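Input: a single structure, listed below in structure tokens.
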Amino acid sequence: MATYSVHLASPSEYKEAIALRIHVFVEIQKFPLDEEIDSYDPLAQHFVITHAERANKVVGTLRVYTVGDEAKIGRVAVLPEYQGQGLGKRLVEHLEMHLQQDAAFRQCKEAKLGSQYDKRVFYEKCGFVARGDIYDELGCPHIYMYKAINHIE
């Protein structure tokens with residue numbers, strides 16, 4: 001059975017995570033490269049899931065940062081050959097535990113993300129609820145999804 005680890009990205013893992021995002025969002029999904037890396041990257045905490053039997057290769061990633069009283073989750077991606085194994089869900093669940101415990105997110109009442117509309121079922125299975133209207137982001141329909149953060153004292 002494969003061994004995976006979810007954790008905050010080291011500087012070298014962060015570089016792998018950026019490469020993974022470019023592969024998934026730019027090369028596969030055809031979003032523009034100049035939109036992938038943005039001004040939020042330096043502000044965000046970046047999480048990765050690594051595969052121990054593949055020399056700790058980064059196989060999934062996401063980022064999170066605060067906007068007012070929300071924890072904004074974004075750039076959730078898992079390499080295609082690792083999708084369907086529950087790794088994205090593990091990544092999101094690990095982040096939820098982190099948000100409950102990290103003082104940097106104490107003021108956050110909810111986690112928010114902009115899901116590609118056709119991916120919303122994945123987030124619903126993770127307990128997120130869609131709110132608002134479908135909106136267009138770079139020619140792709142999206143919807144905002146939310147989940148309460150239950151802080152651990």
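Every number here is computed from the coordinates shown, using simple stated rules; none is lab data. Source: prediction; values computed, not measured. Note that we place each Cβ from the backbone using ideal geometry, even for glycine, and neighbour counts take in every protein chain shown.
Assorted remarks:
- Residue among E36, E81, E137 with the largest mean-square fluctuation in a Gaussian network model of the chain, springs linking Cα atoms under 10 Å: E81
- Mean Cα-pair separation over length for segment 1-56, i.e. relative contact order, pairs under 8 Å, 6 or more apart, %: 63 percent
- Adding -39500 (n - 2.57) for every DSSP H run of four residues or longer, then dividing by how many residues the chain holds, sets the calculated 222 nm ellipticity at -6500 deg cm²/dmol.
- Relative contact order of the chain, taken over Cα pairs closer than 8 Å and 6 or more residues apart, is 19 percent.
- Where Rh is the Kirkwood radius over Cα pairs, Rg/Rh for the chain: 0.94
- GNM result for the chain, Cα springs below 10 Å: residue of I28, I134, I49 fluctuating most strongly: I28
- Pairs of lysines in the chain (C-alpha under 12 Å apart; 8 or more residues apart or interchain): 8
- Put a plus charge on the Cβ of each Lys and Arg, a minus charge on the Cβ of each Asp and Glu, and nothing anywhere else: the dipole of segment 74-115 about its Cα centre is then about 120 debye.
- Rounded to the nearest 20 debye, the dipole magnitude of the chain is 360 debye, with +1 charges on Lys and Arg beta carbons, -1 on Asp and Glu beta carbons, and the Cα centre as origin.
- Size of charge dipole - segment 17-77 - debye, nearest 20, with Cβ of Lys, Arg +1 and Asp, Glu -1, no other charges: 280 debye
- Residue among A17, H98, Y117 farthest towards the positive dipole end of the chain, charges placed on Cβ: H98
- Take the Cβ atoms of Q100 and T3, set R0 to 25 Å, and the FRET efficiency comes out at 0.50.
- Per-peptide packing, taken as the mean over residues of other Cβ atoms within 10 Å, places 71-80, 118-127 in the sequence 71-80, 118-127 from highest down.
- Farthest positive-ward along the chain dipole, Cα basis, beta-carbon charges - from A44, C126, G139: C126
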